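First up is the structure itself, then whatever we jot down about it.
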Amino acid sequence: RKNADEIIAALEQHRFVPYYQPQFCARTLDLVGVETLARWDHPERGILTPDAFLPVAEEINAVAAIDRQILERAIRDLQAWDGAGLAIPKLSVNVSSRRLHDPELGVSLRSIPIEPGRLSFELLESIFLDECDRTVLDNLGEIRKRGIDIEIDDFGTGHASIVGLIRLLPRRLKIDRQLVKPIVHSQAQRRLVGTIIEIGRSLDIAVTAEGAETIAHVQMLRDMGCDTLQGYALARPMPATAVPDFVRAQC
Ligand code: G
Ligand code: G
Ligand code: NA
Ligand code: MN
């Protein structure tokens, strides 16, 4: 209860903010984008990660509202960075299943000022089960119409539906870090990740590996033909205020 009330108050006070984790081209290690990761800027407890609020937020049906707040803030951050002349090619935002069922999503997209290909939504594999819902279909239609790319997040932890991939044809799939982490000591796990990269290639879907934690992961994933990398070996999630210095240091 206490936590639930606090979450509602935090929403009113706009205390849910995006952190940003950079994403890199596997071949050149150029910055290709940033992913937003929700944080709760708590007045006493400091910056809290999603494990501290998503379960309760889910219970009280507040996840869509958090997602909405993060997206709005991220769009404003991107505009500010553009204004400052920073070259951030792409913004990826997590969109929960709850948010995808929210009729307000499609409506709000009509007023988002963003060029096609600059924004992408990371959706969970469970989307493959939700696709028959009218609101979800309408929202997906609006997402496509606005030129927002769809990425399947945490691929391999949910339904991993190949038929779903063919039907939805996302721009990109992100291999979950649970699958990526073991590749440096398990040949079987390495073959598995290689197979997922092949599935992406055969369907013309780009592949990101999450959880590139060490230089060994980075080298191995690059050699395996992965397109994009994200992980602690390259950059950790950071507050918006740290992004400009990080991006400038890349050049
Ligand atoms: O940020 P962290 O590294 O702790 O993220 C943990 C998990 O929280 C992620 O795997 C993701 O599923 C979820 N998450 C992070 N940011 C968001 C967000 O903005 N919205 C939603 N719905 N989930 C998020
Ligand atoms: O939304 P998604 O499931 O992609 O969430 C990414 C989560 O993974 C965030 O919680 C982020 O902090 C975390 N993360 C990012 N890079 C790494 C990494 O290299 N190792 C580990 N263990 N976690 C990572
Ligand atoms: Na994500
Ligand atoms: Mn993920």
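Hey, does segment 210-220 have a residue that's within 15 Å of Leu124 (Cα to Cα) and either in contact (Cβ under 8 Å) with a residue 60 or more places away in the chain or within 16 Å of ligand 3 (Cβ to nearest atom) (or both)? Yes, that holds for at least one residue. Checked against the criterion of being small (Gly, Ala, Ser) and on the phi > 0 side of the Ramachandran plot, segment 181-200 has no qualifying residue.
The residues in segment 1-34 that are part of a strand (DSSP E or B) and either modelled with pLDDT under 95 or surrounded by fewer than 17 Cβ atoms within 10 Å (Cβ to Cβ) (or both) can be counted, and the count is 1. Looking at this structure, is Asp77 among the acidic types (Asp, Glu), touching a residue at least 12 places away in the same chain (Cβ under 8 Å), within 12 Å of Ala240 (Cα to Cα) and away from ligand 3 (no atom under 16 Å from the Cβ)? Yes, satisfied. Please indicate, with yes or no, whether at least one residue in segment 153-171 is under 18 Å from the mean Cα position of the chain (by Cα), within 16 Å of ligand 1 (Cβ to nearest atom) and farther than 28 Å from Gly106 by Cβ. Yes, that holds for at least one residue. Within segment 168-192, restricting attention to residues that are assigned to a helix (DSSP H, G or I) and more than 16 Å from ligand 2 (Cβ to nearest atom), the residue that is farthest from Leu129 (Cα to Cα) is Gln187.
For segment 193-251, the set of residues classified as assigned to a loop (DSSP other than H, G, I, E, B), of a type in the set (Lys, Arg) and buried (at least 16 other Cβ atoms within 10 Å of the Cβ) is empty.
Of all residue pairs spaced 6 or more apart or on separate chains, those with beta-carbon atoms under 6 Å, a first member in segment 114-137 that is closer than 17 Å to Leu168 by Cβ and modelled with pLDDT of 90 or more and a second member that is assigned to a helix (DSSP H, G or I) and of a type in the set (A, V, I, L, M) are Val136/Leu100.
Which residue is farthest from ligand 3 (Cβ to nearest atom), if the candidates are limited to segment 85-139 and must be under 13 Å from the mean Cα position of the chain (by Cα) and among the hydrophobic types (A, V, I, L, M, F, W, C)? This residue is Leu119. The set of residues in segment 35-52 that are surrounded by 17 or more Cβ atoms within 10 Å (Cβ to Cβ) and away from ligand 3 (no atom under 16 Å from the Cβ) contains only Trp40. Is there any pair with a first residue in segment 138-149 that is touching a residue at least 12 places away in the same chain (Cβ under 8 Å) and over 12 Å from Pro170 (Cα atoms) and a second that is surrounded by 16 or more Cβ atoms within 10 Å (Cβ to Cβ) and not aliphatic (A, V, I, L, M) whose Cβ atoms are under 6 Å apart and which are 6 or more apart or on different chains, and what are they? Close Cβ pairs (under 6 Å, with a partner that is surrounded by 16 or more Cβ atoms within 10 Å (Cβ to Cβ) and not aliphatic (A, V, I, L, M)) amount to Asp138/Gly106; Asn139/Gly106; Glu142/Gly106. In summary, helices (runs of 4 or more DSSP H) completely within segment 85-161 and bearing 2 or more residues that are of a type in the set (Val, Ile, Thr) and out of contact with any Pro (no Cβ under 8 Å at 6 or more places or on another chain) occur at 134-145.
The values are calculated or read from the model by the stated rules, or taken from the named source; none is laboratory data. This one's a predicted model, so the numbers in the text were calculated from it and none came from an experiment. Quick reminder, even Gly has a Cβ in these numbers, built from the backbone with ideal geometry, and neighbours come from all protein chains shown.
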